[in-house]
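**Student:** Provided herewith is a single structure, encoded as structure tokens, for subsequent inquiry.
The values are calculated or read from the model by the stated rules, or taken from the named source; none is laboratory data. Just so it is clear, the structure is predicted and the values come from calculations on it, not from any experiment. Heads up, the Cβs are rebuilt from the backbone with ideal geometry, glycines too, and the neighbour counts pull from every protein chain shown.
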Amino acid sequence: MARKASGTEQLEVAMERLKKAKTAAELRAAQAIVLPLSLGLSLEQTALAIGRSVGVTCRMRTRYDPATGEEKKATRSKRELRNRAKANLEQEARILDEVLSEAATGGVVIVPPLKPAVEAKLGKPLALSTLYQMLARHGWRKLAPDKSHPQADPAAREAWKKNSPSG
């Protein structure tokens, strides 16, 4: 046998919301409260009556806000909580502004040499992948690879161009 539904303090508000509901979602949210409390229906019977699954009906009852008559916003996901963040978003933005000041004027950003500077500002060790994620989070992106190899010889290239047949 199912346990008795609780929430009698919400019953009066839900009854009013039931009368004033303008959308189907508002109506179902109020019914999820009213039906078990006034008629003694179980969660399964309530779900069947309002046309939702038992899980959704249970969530509607749990999140019902008597002040607004609607569902409360869902709790934030783990991704939004940023439980393992090295710094909050404002600190990250400030650190990147300090470290990438020459890049704002058109300089080329090479990420691996930035790592020690960002680690010094944070005071914590940082993985290179974390730095790439931090840059992506703040709108930085890789536009193009370098146009030439760092060990290339420009003089040898010009000599080759002079001696090659023109097409």
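**Student:** At pLDDT below 90, touching an Asp or Glu at 6+ places or on another chain (Cβ under 7 Å) and of a type outside the set (S, T, N, Q) - does that describe any residue in segment 74-93?
**Tutor:** no
**Student:** Which residues, counting only those in segment 117-142, are part of a helix (DSSP H, G or I) and small (Gly, Ala, Ser)?
**Tutor:** Taking segment 117-142 and keeping what is part of a helix (DSSP H, G or I), we get 117-122, 128-137.
The answer is ALA117, ALA120, SER129, ALA136.
**Student:** Just name the residue that is modelled with the highest pLDDT out of those in segment 4-38 that are of a type in the set (Lys, Arg) and within 15 Å of THR62 (Cα to Cα). Break it down stepwise before answering.
**Tutor:** Of all residues in segment 4-38, those of a type in the set (Lys, Arg) come to 4, 17, 19-20, 22, 28.
Still in the list and also within 15 Å of THR62 (Cα to Cα): 4, 28.
Numbers: LYS4: 62, ARG28: 89.
Restricting to residues being of a type in the set (Lys, Arg) and within 15 Å of THR62 (Cα to Cα), the top hit is ARG28.
**Student:** Out of segment 126-140, which residues are among the polar types (S, T, N, Q) and over 11 Å from LYS115 (Cα atoms)?
**Tutor:** Keep residues of segment 126-140 that are among the polar types (S, T, N, Q), which gives 129-130, 133.
Once the filter is applied, which keeps residues that are among the polar types (S, T, N, Q) and over 11 Å from LYS115 (Cα atoms), segment 126-140 yields only GLN133.
**Student:** Restricting segment 121-143 to residues that are under 20 Å from GLY107 (Cβ atoms) and surrounded by 13 or more Cβ atoms within 10 Å (Cβ to Cβ), which is farthest from the chain's Cα centre (by Cα)?
**Tutor:** Ranking the qualifying residues of segment 121-143, first place goes to LYS121.
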